[in-house]
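Scroll down for the structure; my scribbles are underneath it.
The values are calculated or read from the model by the stated rules, or taken from the named source; none is laboratory data. Because the structure is a prediction, the values reported are computed rather than measured. Reconstructed Cβ throughout: ideal geometry from the backbone, glycine too, with neighbour counts over all protein chains shown. The protein model used for the area step is the full one, side chains on, heavy atoms only, and it has no ligands, DNA or RNA in it. Shrake-Rupley method; radii C 1.70, N 1.55, O 1.52, S 1.80 Å.
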Amino acid sequence: MSERRQAIWFFLIAFWILAVGFGLRDPWPADEPRFVLVAKQMVESGDWLFPHRGSELYPDKPPVYFWLLALCFKLTGSWRWSFLLPSLLSGMGVLWLVRDLAKRLWNPAAGLWAAIAVLSALQFVYQFKRAQIDPTLVLFTTLAFYGLCRHLLLGPHWRWFWAGCFAAGIGVILKGVGFLPLLALLPYAAMRYWRWQGIAELGPGNIGRWSLGVVAFFAAIGLWLVPMLSVALSGDNPEHQAYVQNLLFKQTAERYVDPWHHYEPAWYFLEIVGLFWAPFSLAFLWLWRDWKNALSARDARVWLPLAWGLLVLAFFSASAGKRDMYILPALPAFALAAAPFLPALTQRRGFRWCLWGFALLLGALLLGLGASALLSDPSFARKLAEERDLGGEARRLWMMLAVVGGVSVLSALVLRPARGAIAVAIALVAVWSGYGLVAHPALDPSSSSSALMARARALAGPDRTIGLVDWKEQNLLQAVGPTTEFGFRAPRELQLKRAEAWLRELPATRVLLVQEDKPGECVRLDAAHAQRVGVANRRTWWLAGRDALATTCP
């Protein structure tokens with residue numbers, strides 16, 4: 001098959017894997033409802049510089065990603081059909097950049113296998129099928145690293161260097177760590193000093209041209225930072241000034257140096273790489289020898305991506321606060337470092353057996369889970385049905401797992417270890433197809449809280465205002481009809497105090513939506529005084545009207 005046809009088939013398969021299930025669900029926690037809610041309020045209010053979550057400012061992230069969500073909504077007219085679009089386009093962009101750079105550094109086969117390595121990683125597809133900032137961040141960190149490599153390894157190409165610096169700046173105003181690609185200049189400087197092979201001949205001097213990279217980096221940041229600061233510091237709104245302080249300091253340096261959640265051990269990301277970058281991570285069992293030889297040969301084409309990937313790994317491991325998706329920007333770099341060796345590695349008998357075993361084990365696990373839930377009543381199946389308030393949808397989920405597992409096992413047995421890579425490809429396509437086509441619509445009513453909020457409106461009636469207490473972003477996002485809230489960051493006790501006073505003012509036209517295990521001392525949640533709405537996101541919710549208010553209350 002020609003190189004062009006191989007590329008076309010690869011990108012068609014990649015598009016299917018990343019897009020399957022598109023439009024079949026609403027935003028799910030964590031993060032998706034929050035980000036879509038913020039973008040929705042931007043569209044409705046016209047305040048594009050200062051994001052809001054409900055009635056409060058949202059200072060955790062810069063607004064650029066919310067602008068992208070709003071733009072996609074304007075193009076489609078539907079939040080359901082737009083909120084995953086930035087991640088989908090980012091995923092396709094990352095794969096194109098990885099393939100093109102590896103092709104330029106080595107050959108077309110290396111480019112194709114580098115892109116396959118990225119797409120095969122479980123974490124890549126899972127994250128790029130979600131509406132979080134990280135997929136879009138990875139696009140810009142990959143673009144920035146691409147631009148740097150076009151100059152540092154394939155140059156001189158100053159325009160690509162400046163473009164890479166500009167992309168890193170955009171990454172910063174997406175999420176503070178967007179500057180990470182610029183760390184590649186550290187190993188580059190050492191490699192240039194020690195005269196490694198593969199380094200571009202850039203000549204001495206060029207201080208002005210190097211300085212323009214700094215200008216491009218800060219110019220990108222200034223696109224948002226300058227107008228935001230000019231409004232916040234020139235006005236007398238204390239909320240805007242608190243927003244600046246929180247976003248620029250607490251959510252960046254302070255969050256890295258002294259995090260307040262997501263505590264994980266120093267080796268956490270090694271576990272993530274080993275488990276959630278599979279099956280690509282299986283290649284590391286062989287690649288370390290190739291990387292060792294490349295180090296002896298001082299091959300900068302291999303070791304610049306690898307050194308940068310290791311720097312990213314070290315950077316995130318040094319902080320006590322860790323989430324699995326933080327390490328994702330390093331995945332394309334490791335795939336680029338593996339690219340020249342993957343074509344030969346896929347011909348090795350041991351690696352083929354390893355891939356075949358992965359496909360067989362994955363299929364057997366899914367088949368076992370699905371068959372067990374269908375043929376008996378295991379505790380894990382009951383727990384999922386109870387926490388997600390699932391009815392017949394649960395059976396569809398178990399059937400999907402059994403079918404996907406059966407397809408994976410059958411493909412492994414038929415293709416045998418000699419075609420282990422094809423068996424893995426079939427298994428992964430089956431997994432992501434089942435996830436998108438079956439799991440998305442089956443889990444969506446509960447995971448998105450759309451069913452809960454629709455039932456809450458049906459019980460409350462069309463005209464009564466629902467007051468949200470200790471609410472989650474998906475509750476406000478999916479709310480139907482008149483709705484209010486009493487703050488998001490406010491302590492639960494303060495929210496309850498505000499809510500009770502609000503309900504007593506006009507009890508005939510108001511009702512509260514509260515969690516079963518957090519009603520407070522003045523709200524009685526039982527069948528005689530309130531209405532049980534249902535379960536969503538492992539929380540049980542009740543509607544409490546004036547009858548639920550205790551007559552005597554501390």
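Observations on the structure shown:
- Solvent-accessible area, 1.4 Å probe, carbon plus sulfur percent, for the range 299-433: 66 percent
- The chain: antiparallel DSSP beta bridges as a percent of all, rounded to 5: 65 percent
- Alpha carbon centroid spacing (whole Å) that separates the range 142-212 from the range 313-387: 32 Å
- Checked against a 18 Å cut-off, the cross-linked pairs Lys129/Lys322; Lys40/Lys472; Lys61/Lys175; Lys175/Lys250 give Cα-Cα distances beyond that limit for Lys129/Lys322.
- In straight-distance terms, cross-link reach from Lys74 covers every one of the aspartates and glutamates whose alpha-carbon lies under 15 Å from its own, apart from those fewer than eight places away in the same chain; here that gives Glu44.
- Computed over the chain: relative contact order in percent, which uses C-alpha pairs under 8 Å that are six or more apart: 14 percent
- A DSSP coil position with no more than 12 other Cβ atoms inside 10 Å describes the following chymotrypsin sites (Phe, Trp or Tyr not before Pro) in the range 260-338: Trp260, Trp267.
- Qualifying trypsin sites (Lys or Arg not before Pro) in the range 487-522, where qualification requires a DSSP coil assignment and no more than 12 other C-beta atoms within 10 Å, comprise Arg489.
- Phi angles across the range 186-199 convert, under the Karplus curve 6.51 cos²θ - 1.76 cosθ + 1.60 with θ = phi - 60°, into 3J(HN,Hα) values of 5, x, 4, 4, 5, 5, 5, 5, 8, 6, 6, 6, x, 7 Hz, Gly and Pro given as x.
- Estimated FRET transfer efficiency (Ile13, Ala314; beta-carbon r; R0 30 Å; 0.05): 0.35
- Dipole-positive endmost among Gln123, Gln197, Thr540 within the chain (Cβ charges, Cα centre): Gln197
- Residues of the range 14-90: accessible area per residue with a 1.4 Å probe, Å²: 34 Å²
- Its DSSP H runs of at least 4 residues, each contributing -39,500 (n - 2.57), put the calculated 222 nm mean residue ellipticity of the chain at -19500 deg cm²/dmol, to the nearest 500.
- Relative packing of peptides 141-148, 533-540 - highest average C-beta neighbours within 10 Å first: 141-148, 533-540
- Distance from the range 81-108 to the range 45-79 (C-alpha centre basis), Å: 25 Å
- DSSP loop GluC sites (Glu not before Pro) with at most 14 other Cβ within 10 Å: longest gap in the chain: 202-515
- Backbone HN-Hα couplings from phi across the range 485-495 [Karplus 6.51/-1.76/1.60, Hz, Gly and Pro as x]: 8, 10, x, 9, 7, 4, x, 4, 5, 5, 4
- Couplings 3J(HN,Hα) of the range 210-215, computed from phi: 4, 5, 5, x, 5, 4 Hz, in residue order, whole Hz [Karplus 6.51 cos²θ - 1.76 cosθ + 1.60, θ = phi - 60°; x for Gly and Pro].
- Around the amide H of Gly467, modelled in the peptide plane, lie the amide H atoms of Thr484, Val511, Leu512, Leu513, all under 5 Å away and 5 or more residues distant in sequence or on another chain.
- Dipole magnitude for the chain: about 1720 debye, using +1 per Lys or Arg Cβ and -1 per Asp or Glu Cβ, origin at the Cα centre.
- Computed Rg/Rh of the chain, alpha carbon atoms with Kirkwood Rh: 1.01
- Of the residues Pro33, Trp48, Gly21, the one whose Cα sits farthest towards the positive end of the charge dipole of the range 3-146 is Gly21 (charges of +1 on Lys and Arg Cβ, -1 on Asp and Glu Cβ, taken about the Cα centre).
- For the range 482-514 versus the range 1-39, the gap between their alpha-carbon centres in whole angstrom: 39 Å
- Selection from Ser296, His262, Val226, by position along the positive dipole direction of the range 205-340 (Cβ): Ser296
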